[in-house]
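The values are calculated or read from the model by the stated rules, or taken from the named source; none is laboratory data. Note that the structure is a prediction, hence the values are computed from the model and not measured. Backbone-built Cβ (ideal geometry, glycine too); neighbour counts: all protein chains shown.
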Amino acid sequence: MNWYAIHNGKRIPYWLGALIGFDQFIGSLWPGANIDETISSRIGRRKQKMGGKIPFWRHPLPAAIDWFLERVDPGHSIDAIGS
């Protein structure tokens, strides 16, 4: 039996939908968070606001997450804005 979820009008595997939901939940724990926004999207907005690079000395956790995401999927945080 195949389980699927719908995300942004597209059919995705259920496990991926669960991961997106978990991502949104963790992101909602940050102060001032939008509960529908993923961590990647928040990092992407911060990255845009700071001219395309998050300074590690000022925001170490978002900078480290963005560094990792850039290795796995280049442009991921910027592409995640509004998704």
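A few comments on the model shown:
- Within region 4-27, tally of residues that are of a type in the set (S, T, N, Q) and either part of a loop (DSSP other than H, G, I, E, B) or exposed (fewer than 14 other Cβ atoms within 10 Å of the Cβ) (or both): 1
- Taking the criterion of being in contact (Cβ under 8 Å) with a residue 12 or more places away in the chain and farther than 19 Å from GLU70 by Cα, the residues of region 19-29 that qualify are GLN24, ILE26.
- Residue in region 30-39 that is assigned to a helix (DSSP H, G or I) and either free of Cβ contacts under 8 Å to residues at least 12 places away in the same chain or aliphatic (A, V, I, L, M) (or both) present: yes
- Long-range neighbours under 8 Å by Cβ, at least six apart or interchain, first residue without any contact (Cβ under 8 Å) to a residue 40 or more places away in the chain and hydrophobic (A, V, I, L, M, F, W, C) within region 45-74, second in a loop (DSSP other than H, G, I, E, B) and surrounded by fewer than 12 Cβ atoms within 10 Å (Cβ to Cβ): ALA63/PRO55
- Single residue of region 40-83 satisfying the filter (assigned to a loop (DSSP other than H, G, I, E, B) and aromatic (Phe, Trp, Tyr)) that is nearest to the chain's Cα centre (by Cα): PHE56
- Verdict on ILE39 being at pLDDT 85 or above and of a type in the set (A, V, I, L, M): yes
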